[in-house]
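Chemist: Take this structure, written in structure tokens, and hold onto it; I'll ask about it next.
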């Protein structure tokens, strides 16, 4: 459940969402350091999870909104730590890392991380199934080719079955 504070910070976030992309969960917090190569002083914003990505959406000093986007397929690690003043979420990909601090304790950072990991695992599972499926098709075509060479099936039967397996 997204808190009222986080909902308030999510202004204009719909502008960067794709058609039919929905926010699954979000927490508000602060980022220190650099975003987009710019040195920042404590940027308050929202860390939002969608089925395709995690993004940190914040308002710059100039008044313009900006977002740092992390596609789920690129996230190598995400974890949280609970402190006295609030929780922290740290996320890494192969290029950079992002640490969102001072997430209010009434916003469930642990649940946000759990949901993010579930979506990442689902994407990995789907990719594995796709790769395994295409590997199975290749093996079936190899078997059919062998049967064709042995004269068990004709060239026409081989071609027809190959097209069927490839979805042509």
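Chemist: Scan segment 60-78 residue by residue and report those that are more than 26 Å from residue 122 (Cβ to Cβ) and touching a helix residue (DSSP H, G or I) at 6+ places or on another chain (Cβ under 8 Å).
Modeler: 65
Yes or no, residue by residue, for (1) surrounded by fewer than 11 Cβ atoms within 10 Å (Cβ to Cβ); (2) in a loop (DSSP other than H, G, I, E, B); (3) modelled with pLDDT under 85:
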residue: 105; (1), (2), (3): no, yes, no
residue: 115; (1), (2), (3): no, no, no
residue: 127; (1), (2), (3): no, no, yes
residue: 135; (1), (2), (3): yes, no, yes
residue: 148; (1), (2), (3): no, no, yes
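Chemist: For residues in segment 73-105 being touching a residue at least 40 places away in the same chain (Cβ under 8 Å) and out of contact with any strand residue (DSSP E or B) (no Cβ under 6 Å at 6 or more places or on another chain), which is nearest to residue 28 (Cα to Cα)?
Modeler: Result: 104.
Chemist: If a residue must be over 13 Å from the mean Cα position of the chain (by Cα) and either surrounded by 20 or more Cβ atoms within 10 Å (Cβ to Cβ) or not in a strand (DSSP E or B) (or both), how many such residues does segment 68-95 contain?
Modeler: Number satisfying all stated conditions: 9.
Chemist: Is it true that residue 98 is modelled with pLDDT under 90, surrounded by 15 or more Cβ atoms within 10 Å (Cβ to Cβ) and within 18 Å of residue 45 (Cα to Cα)?
Modeler: yes
Chemist: Further, regarding this structure: Report yes if residue 34 is at pLDDT 65 or above and assigned by TED's automatic domain parsing to the domain that holds residue 101, otherwise no.
Modeler: No.
Chemist: Right, residue 81: at pLDDT 80 or above, in the same structural domain as residue 103 (by TED's automatic domain parsing) and either out of contact with any helix residue (DSSP H, G or I) (no Cβ under 9 Å at 6 or more places or on another chain) or under 18 Å from residue 104 (Cα atoms) (or both) or not?
Modeler: Yes, satisfied.
The values are calculated or read from the model by the stated rules, or taken from the named source; none is laboratory data. Worth saying up front: this structure is predicted, and the values here are computed from it rather than measured. Ideal geometry is used to build each Cβ from the backbone, glycine not excepted, and the neighbour counts take in all protein chains shown.
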